[in-house]
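The values are calculated or read from the model by the stated rules, or taken from the named source; none is laboratory data. All of these numbers come straight from a predicted model, not from anything done at the bench. Heads up, the Cβs are rebuilt from the backbone with ideal geometry, glycines too, and the neighbour counts pull from every protein chain shown. Please note that ligands, DNA and RNA were not included when accessible areas were found on the heavy atoms of the full protein model with its side chains. Shrake-Rupley method; radii C 1.70, N 1.55, O 1.52, S 1.80 Å.
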Amino acid sequence: MRLVKAILLRLLFGAFSLVFISFVTFVAGEFSPGDPATILGGEKASIETVQQIRHNLGLDQPWPTRYCRYVGHAVQGDFGVSYYSTHEPVKDILKRTVPMTVKFASQAIVLASAIGIFFGAIAAVYQRRFADSAILTLSTLGVTTPNFVLAPILVYIFCQRLDQLPNSWATTLVAPEFYYFILPVTILAARPAALITRLTRASMIDTLDQEFIRTATAKGVPRGRLLFRHALRNAILPVITTIGTSFGFLLTGSFVLERYFLMPGLGSTVIEAIQQIDMPVVQAGVLVTGAMFIFLNLIVDILLPILDPRIRESQI
Amino acid sequence: MRVGVKRKTDFLYLFGMGFLALLVLLAVFGPTVRNVMVKPADQPNFYSVYDPVGVPHLEPGGKYILGTDEQGRDVFSRLAAGARVSLTVGLIVEVIALSVGVLVGVLGVYAPKWFSMILMRFTDGMFAFPDILLAVLIIGTMPPRKEGGLIGKLLPVIVALSVTSWPSIARLVKGQVATLKDREFVIGAKASGASTFYLVTRHILPQLTGILLAVSMIDIAGTILAESTLSFLGIGVQPPEASWGSMINSARQDMSSHPVALVWPCVVLSLTVFSLNFVGDGLRAAFDPKGK
């Protein structure tokens, strides 16, 4: 029963977060430079036309009405039209760019989890020995090196020197899409991989110290089985939370790397929109990515007590 | 203050301190001194950070120590100006974040229940937002400025990064204050008639200086990194002002012909971020009672 209550509370907080970010993006729209009606009317529009557009958009209403209208439309997937040249509906822009970014980020998080859990476990098993300190040093570098510093280094090595990988999406793709993803995904995965490594190491060291491991050792469980079946399975659970929060770093990274590799994703679109003061695109981009972040963390938080009885106990 | 228990931490801490000291000198005096050094005699209004001194893409060495960039500007001047930008943004943002964070954290414990509830839920709400999104949104509402002094030009970036960096400090302070509140010395002071304001400013906050100093170093590193990221994306510090991020962005476009130009801003930015992290870790080790 209490588990249900905890989940309901978490859902409530998720809903609160969604309202919070929709309100913040709405306020940002209110404060943005330029009047939507004037921009949409075009340069030659008469005052009447502008007034008409303003009325149609509901801009002559008080702000609470406009906020409700904004949320109502957003729920239906209607984010207005881009201010820029073609007045393309923002919905179509999202449909074109979101899948790319989701694909990019999810490949990176899978890679980062695999690398992080593997090396974190190794570092914990060989604690205070060479492998451990090497992995720790590398992970410190991974956490602190910005990806726009890592990117040119890898591009220099793999694209310019070795000439093995494509360095941008600008031209029509000549190889399978996979090859174009290799470099950006690796660079995007670096920081979360380093974080997951450190966390897995800490969690694994804690687990290896516990009594059930000593019991299992005494019982004569083979070492490989002991480490992977007994220890790692327990150590991995706190890591799952990080995977949810890492999505934030992935977003930052995808903004940078989509620009760097000229990938047609949401990140590069939002940055372009800011430079053109195209507020509907910025708002929608932020709202959609923010909502994805909230949902991902919600799923992780609900899944965790179901997977891990210890957390279930502590919540009760 | 004695620092560190392990020799390795000590070395990295000293290295970080040394590098940061050099960086501060570079930021304060670099652009001005360098301008006098490379200024052509016939141009009185010349400023070496903005104006070209010669041929683009000069190799490092000679009069222009690190060569010239794609517009023929002195790279060393621009690196120094970038240091000024990064440290200014880092320090101002940290001061704002610390003030707001400490205030919210303390109020989260000592304010009336309903008010502290609202404050802490609001703080939680800020965590529901990935930092970069909020920063991007705020910058979207503020058109880039090309006039005004350095701080005026940096204002959108400073506002955006201040708004995103106080919540983690608020959370940390709230947790610490909540534990300290029930310690004997605080209860004792309270029993002898100290006011809440006196308790907080004289007994509780002084206990937090160490950890806040350590956390600040690591936060400043994050802020400098975020500023470079925004400038790299072209929505941070606007040209002709120099920032390491925008220098990296313009240098990478000529990477195939002039890879060396990319090295300087990357190295300085990485070393700055490393140093701040080393110093932060060193301070944390020094102040953490468990470490001694």
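Collect the residues in segment B:237-290 that are of a type in the set (Phe, Trp, Tyr) and over 21 Å from B:Thr68 (Cβ atoms), keeping them in residue-number order.
Selection gives B:Phe274, B:Phe278, B:Phe287.
Hey, among the residues in segment B:248-259 that are within 11 Å of chain A (Cβ to nearest Cβ) and part of a helix (DSSP H, G or I), which one's surrounded by the most Cβ atoms within 10 Å (Cβ to Cβ)? Among those residues, the one meeting the criterion is B:Ile248.
What is the residue count in segment A:268-300 for residues that are touching a residue at least 24 places away in the same chain (Cβ under 8 Å), of a type in the set (A, V, I, L, M, F, W, C), open to solvent by 10 Å² or more (accessible area, probe 1.4 Å) and within 8 Å of chain B (Cβ to nearest Cβ)? Total meeting the criteria: 3.
With respect to the conditions (1) in a loop (DSSP other than H, G, I, E, B); (2) surrounded by fewer than 21 Cβ atoms within 10 Å (Cβ to Cβ), B:Ile235 lacks only one, and its number is (2). Screening B:Ile204, B:Ile218, B:Ile224, B:Ile211 for residues that are closer than 30 Å to B:Leu134 by Cα, within 27 Å of the chain's Cα centre (by Cα) and open to solvent by less than 40 Å² (accessible area, probe 1.4 Å) leaves exactly one candidate, B:Ile224. For segment B:101-153, filtered to residues that are touching a residue at least 60 places away in the same chain (Cβ under 8 Å) and more than 28 Å from B:Thr88 (Cα to Cα), the residue that is farthest from the other protein chains (Cβ to nearest Cβ) is B:Tyr110. Suppose we filter segment A:232-267 for residues that are open to solvent by less than 30 Å² (accessible area, probe 1.4 Å) and without any contact (Cβ under 8 Å) to a residue 40 or more places away in the chain; how many remain? Total meeting the criteria: 1.
Every test in (1) within 14 Å of another protein chain (Cβ to nearest Cβ); (2) within 30 Å of A:Ser268 (Cα to Cα) is passed by B:Pro240 save one, and that test is (1). Selection of segment B:167-181 for residues being of a type outside the set (Gly, Ala, Ser) and part of a helix (DSSP H, G or I) yields B:Pro167, B:Ile169, B:Arg171, B:Leu172, B:Val173, B:Lys174, B:Gln176, B:Val177, B:Thr179, B:Leu180. Taken together, A:Ile205, A:Ile213 contain a single residue that is aliphatic (A, V, I, L, M), open to solvent by less than 50 Å² (accessible area, probe 1.4 Å), away from chain B (no Cβ under 12 Å) and in contact (Cβ under 8 Å) with a residue 60 or more places away in the chain, which is A:Ile205.
Against the condition open to solvent by less than 20 Å² (accessible area, probe 1.4 Å) and modelled with pLDDT of 80 or more, how does B:Thr123 come out, does it pass?
yes
Just one of (1) among the hydrophobic types (A, V, I, L, M, F, W, C); (2) at pLDDT below 85; (3) within 30 Å of B:Arg34 (Cβ to Cβ) fails for B:Phe129. It is (3).
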